[in-house]
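This report concerns only the one structure given below.
The values are calculated or read from the model by the stated rules, or taken from the named source; none is laboratory data. Given the structure is predicted, the values throughout are model-derived calculations rather than measurements. Positions of Cβ are generated from backbone atoms using ideal geometry, with glycine treated the same way; all protein chains shown enter the neighbour counts.
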Amino acid sequence: MLHALVTASALMLATTTAAPEPSYCWLTFGPEAKVRVFVRYDGEAISFERHDKGKATGPVERFAQLKDFKPVTIADPDGKTSYVIQAVFNIDYVEDLGRGLAVDVEVRGPIGYWQGAHIRLNEQTDKATTVAFHSGLTIGHCESAKATPDLKLEWKSHNIPPLVIGDKPAKLNTQVHNRHPSADCHVVVESTDDTGVKSRFPKDVRPVAEVEFPPAKPGGAVVRRRYVLDQVCCGSNFYAPIPVPKEAGVGMAKVTFSFPDWQGVSVAPCTVEIPVVEPQSVPK
């Protein structure tokens with residue numbers, strides 16, 4: 001799950017013992033975000049309140065302690081889809097970064113899948129972070145969290161290592177995540193179950209990476225290869241080894257990630273460039 005991906009260097013436990021102020025966020029569901037749930041996290045207590053057209057409509061699920069949390073189901077007005085908040089975990093950020101939650105949501109209906117989110121909460125209701133589930137997906141290379149006092153919670157892409165000619169194939173990772181991640185939240189599609197190694201997707205449903213390698217000789221043809229990212233790990237990553245073909249040379253490889261086999265869900269593609277280098281060019 002997403003909460004298992006956070007490293008000790010990215011998120012550190014707060015050292016203060018004072019009782020935290022109540023903090024808040026909004027969870028929205030569906031492509032048009034019509035389903036809205038207001039979350040209040042007060043001490044160890046947490047509540048989930050439905051809203052419609054700016055008004056609280058109920059019901060409200062309340063838990064005296066986070067450890068007592070039980071799955072919360074929210075119905076979509078379409079009558080076909082529901083959203084189950086399956087797990088909620090506390091995150092305490094260093095110093096003034098405040099409190100946060102890791103939330104796992106199962107989307108049920110014609111299209112069924114899981115999503116995980118990291119959310120930085122706000123102590124002011126009018127500035128509460130809004131987190132969108134089942135909405136606006138795109139695919140790209142791995143994301144990682146970096147907490148800093150000035151930038152709060154900043155999400156940045158990993159630096160993809162270069163592809164080395166004649167070397168072992170590089171593992172190219174990718175995630176399906178919200179199209180517009182913010183500094184206060186990040187939502188990904190959960191590619192693995194609780195084991196961290198078994199895919200939630202059928203065997204024939206995987207993202208792909210289409211790579212255009214630079215030619216070995218100037219003026220030569222671009223070398224094109226297509227790789228199915230058929231391995232999963234760490235909750236939300238798809239990956240596969242990407243060898244450099246013998247026909248390819250030094251330069252920039254253009255990599256386009258897409259998820260064409262996931263029927264019923266629109267996942268926007270993403271294109272990045274990765275350097276292809278000779279072995280002696282790689283820093284020791």
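Looking across segment 35-73, the residues that are loosely packed, with under 12 Cβ neighbours inside 10 Å, of a type outside the set (D, E, K, R) and part of a strand (DSSP E or B) come down to ALA56, THR57, GLY58, PRO59. List the number of the failed condition for ARG206; all other conditions in (1) exposed (fewer than 15 other Cβ atoms within 10 Å of the Cβ); (2) modelled with pLDDT of 90 or more hold. So the condition that ARG206 fails would be (1). Can you tell me which of VAL282, VAL267, VAL244 is of a type in the set (A, V, I, L, M), at pLDDT 90 or above and either surrounded by fewer than 19 Cβ atoms within 10 Å (Cβ to Cβ) or closer than 30 Å to GLY109 by Cα (or both)? Answer to the check: VAL267. So which residues in segment 46-86 are under 13 Å from VAL107 (Cα atoms) and of a type in the set (A, V, I, L, M), if there are any at all? Result: VAL72, ILE74, ALA75, VAL84, ILE85. Within segment 139-149, the set of residues being modelled with pLDDT under 90 and assigned to a strand (DSSP E or B) comprises GLY140, GLU143, SER144, ALA145, LYS146, ALA147, THR148. Checking the structure you have, find out if any residue of segment 204-225 is without any contact (Cβ under 8 Å) to a residue 12 or more places away in the chain and under 30 Å from ILE111 (Cβ atoms). The answer is no; no qualifying residue exists.
Which pairs do you get when a residue that is more than 15 Å from ILE91 (Cα to Cα) and assigned by TED's automatic domain parsing to the domain that holds ARG120, found in segment 38-65, comes within reach of a residue that is among the polar types (S, T, N, Q) and not in a strand (DSSP E or B), reach meaning Cβ atoms under 9 angstrom, with the pair 6+ apart or on two chains? Partner pairs satisfying both residue conditions: PHE38/THR125. Selection of first residues in segment 181-201 that are over 20 Å from TYR24 (Cβ atoms) and of second residues that are surrounded by fewer than 14 Cβ atoms within 10 Å (Cβ to Cβ), restricted to Cβ pairs under 8 Å at least 6 apart or on distinct chains, gives the following pairs, ordered by first then second residue: THR192/LYS198. Please enumerate the residues belonging to segment 29-56 that are among the β-branched types (Val, Ile, Thr) and at pLDDT 95 or above. Passing the criteria: VAL37, VAL39, ILE46. The condition (being out of contact with any helix residue (DSSP H, G or I) (no Cβ under 6 Å at 6 or more places or on another chain), modelled with pLDDT under 90, buried (at least 16 other Cβ atoms within 10 Å of the Cβ) and not assigned by TED's automatic domain parsing to the domain that holds VAL187) is satisfied by just one residue among LEU13, LEU97, LEU101: LEU97.
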